[in-house]
Amino acid sequence: MEFRSFMDVALEEARAAGARGEVPVGAVVVSPAGVVVARAGNRTRELSDPTAHAEVLAIRAACAAAGSERLSGHDLYVTLEPCPMCAAAISAARIGRLYYGAADPKSGGVAVGARVFAHPQCHHVPEVYDGIGAAEAEGLLKAFFVERRQG
């Protein structure tokens, strides 16, 4: 099967999150057959839930659709490097491949900071591909925070 990126769908979710006043982060779970099974954007403010990150919401929905707590062979596309909480959820769900856009030097949990997948206690490590759609994802985040500071 030829590679097809689903980062455009994650970016749609990020734009929708930003329009709702949430930090513009979007995530998409794709089945081994290449079908989008779940998509979400941040909803921490809307749900008054600090765990309602795009990745966690998408993983929850994909697990519910699969009827399993495991998503072996599934791909996760997310517009921002996952935080440590989300990286742990990705590992617990046994996501096969993680694709993310913008790096997160402040709160990342994959390439910087906690580096969750590098810990010996991490039970499952997905393949990780970074920088996909990074420029657009970074642009959305920067514009959001500039607007917040000015508003």
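Things worth noting here:
- Residue under evaluation His119, criteria (1) open to solvent by less than 70 Å² (accessible area, probe 1.4 Å); (2) more than 15 Å from the chain's Cα centre (by Cα), criterion not met: (1)
- Comparison of Ala103, Ala93, Ala58, Ala89 shows that the only residue that is closer than 18 Å to Pro24 by Cα, buried (at least 18 other Cβ atoms within 10 Å of the Cβ), of a type outside the set (D, E, K, R) and touching a residue at least 24 places away in the same chain (Cβ under 8 Å) is Ala58.
- Residues in the stretch 19-61 that are of a type in the set (Ser, Thr, Tyr) and farther than 18 Å from Phe6 by Cα: Thr44, Ser48, Thr51.
- Of all residues in the stretch 122-151, those satisfying the criterion of being closer than 26 Å to Ser72 by Cα and either surrounded by 12 or more Cβ atoms within 10 Å (Cβ to Cβ) or hydroxyl-bearing (Ser, Thr, Tyr) (or both) are Cys122, His124, Val125, Pro126, Val128, Tyr129, Asp130, Gly131, Ile132, Gly133, Ala134.
- Filter result for Ala33 (hydrophobic (A, V, I, L, M, F, W, C), under 23 Å from Arg94 (Cα atoms) and either open to solvent by 70 Å² or more (accessible area, probe 1.4 Å) or assigned to a helix (DSSP H, G or I) (or both)): yes
- Of the residues making up the stretch 13-25, not a single one is exposed (fewer than 12 other Cβ atoms within 10 Å of the Cβ), of a type in the set (Val, Ile, Thr), assigned to a loop (DSSP other than H, G, I, E, B) and modelled with pLDDT of 95 or more.
The values are calculated or read from the model by the stated rules, or taken from the named source; none is laboratory data. This one's a predicted model, so the numbers in the text were calculated from it and none came from an experiment. For neighbour counting, all protein chains shown are included, and Cβ atoms are generated from backbone atoms with ideal geometry for every residue, glycine included. Protein only, heavy atoms only, side chains kept; ligands, DNA and RNA dropped before computing areas. Shrake-Rupley method; radii C 1.70, N 1.55, O 1.52, S 1.80 Å.
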